[in-house]
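Structure, as structure tokens:
The values are calculated or read from the model by the stated rules, or taken from the named source; none is laboratory data. Since the model is a prediction, treat every value here as computed from it, not as a measurement. All Cβ positions, glycine included, derive from the backbone under ideal geometry; neighbour counts span all protein chains shown.
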Amino acid sequence: MPNLKDIKSRINSVQNTKKITKAMKMVAAAKVKRAESTVKAGRPFAEELITLFRQMLGTVDEFSVSGLKVERGLDNYPELLTRREVKAEGLLVITSNKGLAGAYNANILKAALHRVKENTAKGIKTYIYVVGQKGVSGLKHKSGDYEVVKTYLSIANNPTATGANIIAEDIAEDFVSGKIDRIDIITTRFNNMMSYKVMDFEILPVEVEKAESHELDAVMIFEPSAHSVLQQLVPMYITNSIYHALLEANASELASRMTAMSAASNNAEEMITTLTVDYNKARQAAITQELVEIVSGAQGVQGG
């Protein structure tokens with residue numbers, strides 16, 4: 001049986017760990033509430049943007065950049081709407097910078113590597129764009145036929161529309177140049193404080209079902225033209241889709257960390273209880289041994 005000093009040292013160590021996990025749980029709980037509010041506030045805008053996009057596509061018969069200024073890949077909206085044979089696919093994998101969030105990052109990387117395996121079987125090359133340090137370090141130690149072409153670390157800590165736009169410009173440039181023929185996002189969808197779901201969806205080429213005639217407004221006037229409006233709307237749709245994916249991932253990460261730290265705190269409490277029992281048993285055994293030695297010594301003196 002371990003001595004009293006060793007058991008006491010373990011109890012102190014677990015108590016210190018419990019303080020840390022409890023503090024991390026409280027921080028995550030405070031942050032996840034704000035993140036949840038941001039996610040839920042952004043969902044209606046995303047839905048309305050899709051509705052507007054569908055209406056726009058239903059009113060324009062041919063897509064053209066004729067007469068429009070095209071300086072970057074995001075400006076070439078006809079190309080971003082064009083579907084072609086997939087020979088190379090890009091994956092935007094959204095992870096976190098920090099760990100201690102349960103299986104959150106592992107689940108995302110598992111889904112990404114599964115897609116890589118599927119692409120390899122089809123003869124499709126995979127290029128990966130990684131958000132978050134955990135994704136970068138995780139993919140370094142994994143085998144597979146893929147190439148990490150871009151990494152975004154600061155964006156994982158603070159999802160912003162500006163950060164989403166940077167990612168959108170990078171993937172649009174590679175798509176328009178023909179380096180990749182399709183881009184999917186692998187991220188998580190926040191459900192509630194206790195759960196999230198790993199999901200993936202296509203971001204390029206942009207594919208939104210056209211609105212039916214009965215869904216269109218009776219009169220839609222575009223200034224200066226429908227093409228110029230689409231040139232603004234397509235990049236907005238892509239950027240907002242990425243931004244919303246970042247927000248969902250951030251909320252999911254915090255919820256996962258809160259759950260993991262809660263479980264760790266509970267485990268620490270159970271371990272402290274078990275160690276305290278062991279400590280009391282060892283202490284009682286030591287006291288009993290001392291009493292036996294005293295009695296034995298006294299009997300020896302009397303016998304002498």
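I'd like the residue in the stretch 141-199 that is assigned to a helix (DSSP H, G or I) and within 17 Å of the chain's Cα centre (by Cα) and, out of all such residues, is surrounded by the fewest Cβ atoms within 10 Å (Cβ to Cβ). Talk me through it step by step, then tell me what you get.
In the first step, residues of the stretch 141-199 are kept if they are assigned to a helix (DSSP H, G or I); the result is 154-157, 161-177.
Checking the rest, the ones that are also within 17 Å of the chain's Cα centre (by Cα) come to 154-157, 161, 163-164, 167.
Numbers: 154: 11, 155: 22, 156: 25, 157: 13, 161: 13, 163: 20, 164: 23, 167: 24.
Result: 154.
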> Are any residues in the stretch 39-52 under 17 Å from the mean Cα position of the chain (by Cα) and surrounded by 16 or more Cβ atoms within 10 Å (Cβ to Cβ), and if so, which ones?
Replying inline: 39
> For the stretch 126-140, which residues satisfy the criterion of being surrounded by 18 or more Cβ atoms within 10 Å (Cβ to Cβ) and farther than 24 Å from residue 261 by Cβ?
Replying inline: 126, 127, 128, 129, 130, 139
> What is the number of the single condition among (1) modelled with pLDDT of 90 or more; (2) among the charged types (D, E, K, R); (3) loosely packed, with under 15 Cβ neighbours inside 10 Å that residue 89 does not meet?
Replying inline: (3)
>> What's the total number of residues in the stretch 224-248 that are of a type outside the set (S, T, N, Q) and without any contact (Cβ under 8 Å) to a residue 12 or more places away in the chain?
In response: 1
> Any idea how many residues of the stretch 261-299 are of a type in the set (Asp, Glu), closer than 30 Å to residue 98 by Cα and either outside any helix (DSSP H, G or I) or free of Cβ contacts under 8 Å to residues at least 60 places away in the same chain (or both)?
Replying inline: 1
> Just checking, how many residues over the stretch 182-195 are more than 21 Å from residue 240 (Cβ to Cβ) and either at pLDDT 95 or above or in contact with a helix residue (DSSP H, G or I) (Cβ under 7 Å, 6 or more places away or on another chain) (or both)?
Replying inline: 2
>> So residue 130 passes all but one of these: (1) out of contact with any Phe, Trp or Tyr (no Cβ under 8 Å at 6 or more places or on another chain); (2) more than 23 Å from residue 79 (Cβ to Cβ). Which condition number does it fail?
In response: (1)
>> So in the stretch 119-140, with the set limited to residues that are among the basic types (Lys, Arg) and either modelled with pLDDT under 90 or over 20 Å from the mean Cα position of the chain (by Cα) (or both), which one is nearest to residue 96 (Cα to Cα)?
In response: 140
>> Can you tell me which of (1) assigned to a helix (DSSP H, G or I); (2) basic (Lys, Arg); (3) out of contact with any His (no Cβ under 8 Å at 6 or more places or on another chain) is the one residue 84 doesn't meet?
In response: (1)
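Being without any contact (Cβ under 8 Å) to a residue 60 or more places away in the chain and buried (at least 18 other Cβ atoms within 10 Å of the Cβ) narrows it down to one of 119, 12, 16, 76, so name that one.
Details: 12 fails: buried (at least 18 other Cβ atoms within 10 Å of the Cβ); 16 fails: buried (at least 18 other Cβ atoms within 10 Å of the Cβ); 76 fails: without any contact (Cβ under 8 Å) to a residue 60 or more places away in the chain.
Result: 119 is the single residue among 119, 12, 16, 76 that is without any contact (Cβ under 8 Å) to a residue 60 or more places away in the chain and buried (at least 18 other Cβ atoms within 10 Å of the Cβ).
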>> Looking at the stretch 256-263, can you tell me whether even one residue there is crowded, with 20+ Cβ neighbours inside 10 Å, hydrophobic (A, V, I, L, M, F, W, C), farther than 30 Å from residue 8 by Cβ and at pLDDT 90 or above?
In response: yes
> Quick one: would you say residue 13 is over 30 Å from residue 250 (Cα atoms), touching a Pro at 6+ places or on another chain (Cβ under 7 Å) and of a type in the set (S, T, N, Q)?
Replying inline: no
>> Pull out all pairs, ordered by first then second residue, where Cβ-Cβ is under 7 Å, the residues are six or more apart or on different chains, the first lies in the stretch 92-116 and is under 16 Å from residue 25 (Cα atoms), and the second is assigned to a loop (DSSP other than H, G, I, E, B).
In response: 104/96
> Checking residue 110 against (1) surrounded by 19 or more Cβ atoms within 10 Å (Cβ to Cβ); (2) under 14 Å from residue 186 (Cα atoms); (3) of a type outside the set (A, V, I, L, M, F, W, C), which single condition isn't satisfied?
Replying inline: (1)
>> For the stretch 53-92, give me the residue count where each residue is of a type in the set (Asp, Glu) and more than 34 Å from the chain's Cα centre (by Cα).
In response: 2
> Among the numbered criteria (1) among the polar types (S, T, N, Q); (2) out of contact with any Gly (no Cβ under 7 Å at 6 or more places or on another chain); (3) part of a helix (DSSP H, G or I), which single criterion is violated by residue 105?
Replying inline: (2)
